[in-house]
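Only one structure is covered here, and it is reproduced in the block below.
The values are calculated or read from the model by the stated rules, or taken from the named source; none is laboratory data. Just so it is clear, the structure is predicted and the values come from calculations on it, not from any experiment. No Cβ is skipped: glycine too gets one built from the backbone with ideal geometry, and neighbour counts run over all protein chains shown. Ligands, DNA and RNA are stripped out before the accessible areas are found, and what is left, the full protein with its side chains, is counted by its heavy atoms. Shrake-Rupley method; radii C 1.70, N 1.55, O 1.52, S 1.80 Å.
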Amino acid sequence: MDDPIAVPKAKKWRVEGGIMSIKKHHVKSKLAVAYQLIHTPKIAAHIPKTELLYKNSLKRMIKKYDKVYLKPDRGRKSRGVIRIERLKDDRFKIRYGSHKKYADRKEIWEKVDSLTKDKKYIIQQAIDSVTKDRRHFDLRCHVLRIHGKWVVGGICGRLGAPGSIVTTSHLGGTPTPIYTLFTRHLKYSSKESIKMILQLKECALKTVKVVSQMYPNLKEFAVDMGIDRKKRIWIYEVNIEPLTKGNFKMLPDKTLYRKIQRMRKIAK
């Protein structure tokens with residue numbers, strides 16, 4: 001099987017004791033985290049194919065996948081996210097914000113390069129995590145260290161605006177109670193919903209236990225996850241500076257938000 005994380009030879013990563021040694025300039029790197037997770041048994045299967053963006057990796061990924069996402073390696077709040085979708089006749093649609101561009105295979109690198117503006121980007125396999133009415137969604141799982149043990153503070157769903165390629169609230173997404181997302185928007189039964197919530201929590205905890213070894217001084221993380229049509233769980237990224245105001249605080253019921261705020265006070 002191909003290694004889902006392809007790092008150019010110029011970029012060297014040092015692994016000690018099974019955990020990647022994080023240098024100062026890698027502290028907020030999505031690629032550094034993804035690299036560690038893909039080399040962790042039982043988590044690797046949940047990580048979409050991810051590479052550092054450069055001309056050859058773009059060429060490989062758009063050949064293999066119908067859709068890919070380009071993300072700033074150190075970006076936040078979905079700023080700068082670009083989606084590339086393969087169309088008929090070997091043409092591609094490039095979406096960023098509310099804008100669209102089109103390119104053929106020969107033109108695409110030039111157009112992508114102009115959009116990324118020499119910033120460090122990753123390219124990631126797109127996961128078909130959509131509701132019955134074709135709205136993109138993902139899940140935010142907030143995990144905290146309480147009395148030396150990692151625990152899930154809460155999970156909420158995030159529904160993208162109709163037609164949007166991202167789900168964050170400041171770009172039109174709607175934070176949604178997890179049970180509502182599953183039963184109303186995905187048409188899960190109550191039993192299916194409960195089972196999936198347990199699986200999400202288990203997956204998030206396994207992930208954070210690994211990532212926390214890379215960042216031992218941090219006491220909370222947020223794991224952004226997706227679920228495809230076959231109910232397979234995917235981990236998009238791990239946030240090392242998680243915010244709650246644009247997610248849990250915007251839920252109709254503030255109970256979960258208040259719970260996480262209480263947990264933050266005793267997390268260490």
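Data for the structure
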quantity	calculated
Among residues of region 245-268, those that are within 16 Å of Val151 (Cα to Cα), open to solvent by less than 80 Å² (accessible area, probe 1.4 Å) and not charged (D, E, K, R), counted	6
Number of the condition not met by Pro72 [criteria: (1) open to solvent by 40 Å² or more (accessible area, probe 1.4 Å); (2) over 24 Å from Lys230 (Cβ atoms); (3) at pLDDT 90 or above]	(1)
Complete set of residues in region 51-62 that are open to solvent by less than 20 Å² (accessible area, probe 1.4 Å) and among the charged types (D, E, K, R)	Glu51
Leading residue by the ranking (most open to solvent (accessible area, probe 1.4 Å)) among those in region 199-217 that are over 18 Å from the mean Cα position of the chain (by Cα) and without any contact (Cβ under 8 Å) to a residue 24 or more places away in the chain	Asn217
One residue from Pro48, Pro41 being open to solvent by less than 20 Å² (accessible area, probe 1.4 Å), assigned to a loop (DSSP other than H, G, I, E, B) and modelled with pLDDT of 85 or more	Pro48
Test: Thr176 is under 16 Å from the mean Cα position of the chain (by Cα) and crowded, with 20+ Cβ neighbours inside 10 Å	no
From Asp104, Asp118, Asp90, Asp133, residue being loosely packed, with under 14 Cβ neighbours inside 10 Å, in contact (Cβ under 8 Å) with a residue 40 or more places away in the chain and over 30 Å from Ala267 (Cα atoms)	Asp133
Residue ID - modelled with the lowest pLDDT, chosen from residues in region 215-255 that are of a type in the set (Gly, Ala, Ser) and touching a Ser or Thr at 6+ places or on another chain (Cβ under 6 Å)	Gly246
Out of Ile62, Ile84, sole residue that is more than 19 Å from Ile240 (Cα to Cα), in a strand (DSSP E or B), within 20 Å of the chain's Cα centre (by Cα) and of a type outside the set (Asp, Glu)	Ile84
Test: residue in region 5-16 that is modelled with pLDDT under 50 and within 22 Å of Arg83 (Cβ to Cβ)	yes
Of all residues making up region 143-176, the number that are in a loop (DSSP other than H, G, I, E, B) and among the small types (Gly, Ala, Ser)	7
Subset of region 137-171 [free of Cβ contacts under 8 Å to residues at least 60 places away in the same chain, open to solvent by 40 Å² or more (accessible area, probe 1.4 Å) and more than 30 Å from Asn217 (Cα to Cα)]	Pro162, Gly163
In region 87-119, the residues that are closer than 29 Å to Leu139 by Cα, assigned to a strand (DSSP E or B) and in contact with a strand residue (DSSP E or B) (Cβ under 8 Å, 6 or more places away or on another chain)	Phe92, Lys93, Ile94, Arg95, Tyr96, Lys100, Lys101
Single residue of Met263, Met225, Met250 found to be under 12 Å from the mean Cα position of the chain (by Cα) and of a type outside the set (D, E, K, R)	Met225
Leu139 vs. criteria under 21 Å from Lys245 (Cα atoms) and modelled with pLDDT of 95 or more	yes
Filtered residue count, region 179-198, keeping only those that are part of a helix (DSSP H, G or I) and either open to solvent by 70 Å² or more (accessible area, probe 1.4 Å) or in contact with an Asp or Glu (Cβ under 8 Å, 6 or more places away or on another chain) (or both)	9
